[in-house]
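Peer 1: This structure is in structure tokens; I'll ask about it shortly.
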Amino acid sequence: MSVKREIKCPHCNEWTLWRGEIYDRCLYCGEFLQNEDFTKKVENEIREQVKEENDIFFVKPSDSKFIGVSKRFLRKFRKFAVFAQAALIAFMSLLLWIIGMMST
Ligand SMILES: [Zn+2]
């Protein structure tokens with residue numbers, strides 16, 4: 001059973017249709033209809049996006065195609081570098097452990 005009712009949009013104060021879904025938007029201004037959880041989720045996504053925009057390798061719309069491609073490559077490479085570092089640390093500790101075992 002779907003709830004269909006008219007509610008007043010909290011953003012533009014127009015009466016709009018609400019079906020009780022969290023992703024329902026106002027028919028007039030396109031804003032989401034008062035769901036705090038969903039708003040928080042969207043806010044978090046925006047915050048994540050802002051964090052990414054502060055990243056030096058973030059591809060800006062003003063970047064040329066070549067810069068965009070190289071930035072994307074560098075980001076992938078950096079991810080790989082972090083992984084490789086973690087693997088190296090794991091390998092080193094394993095090596096030290098083996099040395100420790102052998103010396104006893
Ligand atoms: Zn509205």
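Read-outs throughout are calculated quantities, based only on the coordinates presented, and are distinct from any laboratory measurement. These numbers come from a predicted model, not from an experiment. Every residue, glycine as well, gets a Cβ built from its backbone with ideal geometry; the counts of neighbours run over all protein chains shown.
Peer 1: Taking only DSSP H segments of four or more residues, each worth -39500 (n - 2.57), what value at 222 nm results for the chain once the sum is divided by all its residues, to the nearest 500 deg cm²/dmol? Provide the component values of the computation, followed by the final result.
Peer 2: On the way: 2 runs with 57 residues, N = 104.
That calculation yields -19500 deg cm²/dmol at 222 nm.
Peer 1: With a cut-off of 8 Å between alpha carbons and a minimum separation of six or more residues, what is the relative contact order of the chain in percent?
Peer 2: Value for the chain: 11 percent.
Peer 1: Separate question: With +1 assigned to the C-beta of every Lys and Arg and -1 to the C-beta of every Asp and Glu, and no other charges, what is the dipole magnitude of the chain about the Cα centre in debye, to the nearest 20?
Peer 2: 480 debye
Peer 1: Another one. Expressed in whole Å with the largest first, what are the equivalent ellipsoid semi-axes of the stretch 54-104 derived from the C-alpha gyration tensor as the square root of 5 times each eigenvalue?
Peer 2: They are 41, 8, 4 Å, listed from largest to smallest.
Peer 1: Another question, then. Evaluate the chain: find the radius of gyration of its Cα atoms, find its Kirkwood radius, and give the ratio Rg to Rh.
Peer 2: Ratio of gyration radius to Kirkwood radius: 1.33.
Peer 1: Between beta-carbons, use under 14 Å as the cut-off and find the net charge around Arg75, counting Lys and Arg +1, Asp and Glu -1. Walk me through the numbers before you get to the answer.
Peer 2: Details: positive: Lys51, Lys60, Lys71, Arg72, Lys76, Arg78, Lys79; negative: Glu52, Glu53, Asp55, Asp63.
Neighbourhood net charge equals +3.
Peer 1: Around Gly20, what is the net charge, scoring Lys/Arg as +1 and Asp/Glu as -1 over all other residues with Cβ under 11 Å from its Cβ?
Peer 2: Working: positive: Lys4, Arg5, Arg19; negative: Glu21, Asp24.
So the environment of Gly20 carries a net charge of +1.
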